[in-house]
Amino acid sequence: MELLKQRIREVGVVISDDIIKLDAILNHAVDPALTTAMGKEFARLFREDGVTKVLTIESSGIPIAFAAAQELNVPMVFARRKKSLNSDNTEVYCERVPSFTKGFVTDIMVSREWLGENDRIVLIDDFIANGDAARGLIRIIRRSGAELVGVGIAVEKSFQAGGRTIRESGVRVESLAKISSLANGRIEFE
């Protein structure tokens with residue numbers, strides 16, 4: 001998606017050979033026009049798959065997943081990182097996942113009432129690096145009995161193993177921008 005690549009070139013801040021900061025468009029502020037365009041592109045990619053729900057993880061994936069769900073005219077569900085006072089572990093699917101950029105392990109939870117065996121799910125998220133969050137959500141989807149039709153990622157760091165290993169497991173992964181390198185402070189795309 002050329003618009004996304006252009007915006008990454010304009011606002012991306014390379015922190016290290018492994019980390020890019022995209023706070024201006026994805027992780028702290030939201031660019032509504034770009035987010036809408038990403039949602040439309042994900043809807044185009046998954047429209048023929050009979051999606052019944054879009055699933056994401058809080059918080060940066062929510063705007064993109066919302067835009068895709070709106071385009072597909074289906075509900076959006078997001079996994080929580082913190083347990084709320086009105087839920088307990090008997091009512092949720094829960095997975096423990098490490099976060100590459102945050103540097104800690106967290107539990108992600110989805111209420112059992114929002115995923116079921118009649119659902120066809122597309123998982124949408126902002127980034128994929130090592131793929132731990134995506135794999136955790138995939139395990140939740142499978143435990144719910146729902147069918148995963150694919151994973152949509154705004155920005156894939158293809159020099160890290162996440163997208164590749166998920167594809168190798170037989171899951172369809174569609175990435176709107178693939179960064180092949182951040183070496184020497186330069187953003188390189190596939």
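Quick look at the numbers
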item: Candidate set from the range 121-137 (those that are out of contact with any Leu (no Cβ under 8 Å at 6 or more places or on another chain) and open to solvent by 20 Å² or more (accessible area, probe 1.4 Å)); member that is farthest from LEU26 (Cα to Cα); result: ARG135
item: Test set (1) open to solvent by less than 50 Å² (accessible area, probe 1.4 Å); (2) closer than 25 Å to LEU148 by Cα - ASP31 fails condition number; result: (2)
item: Counted residues, the range 147-161 - those being without any contact (Cβ under 8 Å) to a residue 60 or more places away in the chain and either under 22 Å from ALA68 (Cα atoms) or surrounded by 23 or more Cβ atoms within 10 Å (Cβ to Cβ) (or both); result: 5
item: Residue match in the range 106-114 (condition: more than 18 Å from SER60 (Cβ to Cβ), open to solvent by 20 Å² or more (accessible area, probe 1.4 Å) and aromatic (Phe, Trp, Tyr)); result: yes
item: Residue check, GLU188 under 26 Å from VAL13 (Cα atoms), surrounded by fewer than 17 Cβ atoms within 10 Å (Cβ to Cβ) and over 17 Å from the mean Cα position of the chain (by Cα); result: yes
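The values are calculated or read from the model by the stated rules, or taken from the named source; none is laboratory data. Keep in mind it's a predicted model, so treat the numbers as computed, not measured. Don't worry about glycine lacking a Cβ; one is built from the backbone with ideal geometry, like all the others, and counts go over all protein chains shown. These accessible areas exclude ligands, DNA and RNA; they are computed on the full protein's heavy atoms, side chains included. Shrake-Rupley method; radii C 1.70, N 1.55, O 1.52, S 1.80 Å.
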